[in-house]
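These notes are about the structure you will find just below.
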Number of protein chains: 2
Amino acid sequence: MCSRPEPPEPLRRVAVVGGTHGNEMSGVCLARYWLRAPGELQRPSFSAVPVLANPAATAACRRYVDCDLNRAFTSAFLTARAHPDDPYEVTRARELNQLLGPKASGQAFDFVLDLHNTTASMGTCLVAESSHDVFAMHLCHHLQLQSPELPCRVFLYQLPGEESYSVHSVAKSGLGLELGPQPQGVLRADLLARMRALVAAALDFIQLFNQGPGGRDGLRHQASHTGTAFPAFEMEAYRKVSSVDFPRTETGDLAGTVHPQLQTQGQLASR
Amino acid sequence: MCSRPEPPEPLRRVAVVGGTHGNEMSGVCLARYWLRAPGELQRPSFSAVPVLANPAATAACRRYVDCDLNRAFTSAFLTARAHPDDPYEVTRARELNQLLGPKASGQAFDFVLDLHNTTASMGTCLVAESSHDVFAMHLCHHLQLQSPELPCRVFLYQLPGEESYSVHSVAKSGLGLELGPQPQGVLRADLLARMRALVAAALDFIQLFNQGPGGRDGLRHQASHTGTAFPAFEMEAYRKVSSVDFPRTETGDLAGTVHPQLQTQGQLASR
């Protein structure tokens, strides 16, 4: 990983998005909280904007209403002519593209954090588009160093030749936080606290970056960053190799399940 | 608890119902399995019928489509004239009432087991309408004795003066099995195995009852039941005292959650 995160300019326009999936409650509840009390998202050089991405799915406590919002930020959906029969999430993706983008334009937000939960026992997972998002990679490295005792893996979701489609792909740089295990529609205090701490650490990192090695932004530079503020590093990252479905009957019903000795042992099994 | 479970006649018409709530996967998967392979539900004196109660909600992996099926078995819903705008679950309740009832009639099924999951960490909970269902109380006692090392509490759901409304209230006697914790839409092998064993034990008990103290049903009576086959007993049972909601904001959003030290500790905390 190179030593200068891109973009070189300070990040002023930052958003923290919850409720992209309406039944992943850490982000839903944090977004609602920050919409009432946004002070926690303020730093000296910027104020992050809280966004509840999918209000209809959140109200219904479902992942989505018509289709997955976190797959709807493709140019085909974003640029097609609007139609009354469009799926709710396609319309909402266009609204968010207006708010946080337009995607791939100079007017787009500098950074978007997108908050997710999973029922899988995978601890903390940092979901970036690709390693080409150098700023996101430096942020991942920073978050891993903050809590070295906790599993905090980096997953690069974009496949070769594939167009990006996530909420945070609308911004110039972005990262998804995926915390588990948490049942859908359920709020666990431990994951809520972990999510909140990760967001705070991410915003602190953006503040640190905005200050820069030479005291950019008029703020005094922290004494510990006298040389290159963000040195080069190596890191482990995961990519999708393939999908393995459960065994199924001819009609598609489950014909098997995770073995009891493996269930909830994801963090151990993958070590 | 009196010593003679009612009804005094053998139970011939028995149903095991899964998928009353479409995202409670132990019962959904077991009902689908038994619909393909019903042999596991056969006993010498009867064959239990597997029923997938809410196919539309099960297909959508949601608790329900329009309204809660397990609250729809009231005389108001069951006897009202059918209308094209009726909620799906009201129509389905009438169909199930035809299949398993009619409720409170001599033609109703003798016994219905209804399979549920909860996200709460409450182990096994046996949900009966009231202690007046003497057969169900004897069955609960039997199930508790089968696995004394596992928490297996009895909950009496019907409030004084309240009409029964559950799926199993359609039958002459019935019991709900509520197993947790399991996320909605997720299948855990340990709870699946526990549910399957509980159903087997319940069917074995019905078989034992059908045999009777004097070898009723032409089957030889087990040596251990030479006097009264089902002696009197005392048991602990729970009733609903009140509902305690989470603290909420003025707009109804969550303003608190379960403390991390109490989360998933339900089995310990209630001891």
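The values are calculated or read from the model by the stated rules, or taken from the named source; none is laboratory data. Source: prediction; values computed, not measured. Here the Cβ positions follow ideal geometry from the backbone for every residue, glycine too, while neighbour counts run over all protein chains shown. The area values use the complete protein model at the heavy-atom level, side chains included, leaving out ligands, DNA and RNA. Shrake-Rupley method; radii C 1.70, N 1.55, O 1.52, S 1.80 Å.
Looking at this structure, is A:Glu163 open to solvent by 20 Å² or more (accessible area, probe 1.4 Å) and modelled with pLDDT of 95 or more?
The answer is no for A:Glu163.
Would you tally the residues in the range A:44-64 being free of Cβ contacts under 8 Å to residues at least 40 places away in the same chain, outside any helix (DSSP H, G or I) and more than 20 Å from the chain's Cα centre (by Cα)?
0
Go through B:Leu30, B:Leu52 for me and flag whichever is over 17 Å from B:Ser166 (Cβ atoms) and at pLDDT 95 or above. Can you show your working first?
On the way: B:Leu52 fails: over 17 Å from B:Ser166 (Cβ atoms).
Just one listed residue meets the conditions, B:Leu30.
From B:Phe77, B:Phe109, which residue is crowded, with 19+ Cβ neighbours inside 10 Å and in contact (Cβ under 8 Å) with a residue 60 or more places away in the chain?
Numbers: B:Phe77 fails: in contact (Cβ under 8 Å) with a residue 60 or more places away in the chain.
Exactly one of B:Phe77, B:Phe109 is crowded, with 19+ Cβ neighbours inside 10 Å and in contact (Cβ under 8 Å) with a residue 60 or more places away in the chain, namely B:Phe109.
Any idea which of (1) without any contact (Cβ under 8 Å) to a residue 60 or more places away in the chain; (2) crowded, with 17+ Cβ neighbours inside 10 Å; (3) among the charged types (D, E, K, R) is the one A:Glu149 doesn't satisfy?
So the condition that A:Glu149 fails would be (2).
I'd like to verify a number: residues in the range B:25-71 that are open to solvent by less than 30 Å² (accessible area, probe 1.4 Å) and β-branched (Val, Ile, Thr), how many? Before the answer, list the steps.
Residues of the range B:25-71 open to solvent by less than 30 Å² (accessible area, probe 1.4 Å): B:25-31, B:34, B:41, B:45-46, B:48, B:50-51, B:53-54, B:57-58, B:68-70.
Next cut, β-branched (Val, Ile, Thr) only: B:28, B:51, B:58.
Going through the range B:25-71 one residue at a time, the tally reaches 3.
Within the range A:201-223, is even one residue among the small types (Gly, Ala, Ser), at pLDDT 95 or above and under 30 Å from A:Arg92 (Cβ atoms)?
Yes, the range A:201-223 has at least one match.
For residues in the range B:231-271 being loosely packed, with under 10 Cβ neighbours inside 10 Å and acidic (Asp, Glu), which is modelled with the lowest pLDDT?
B:Glu250
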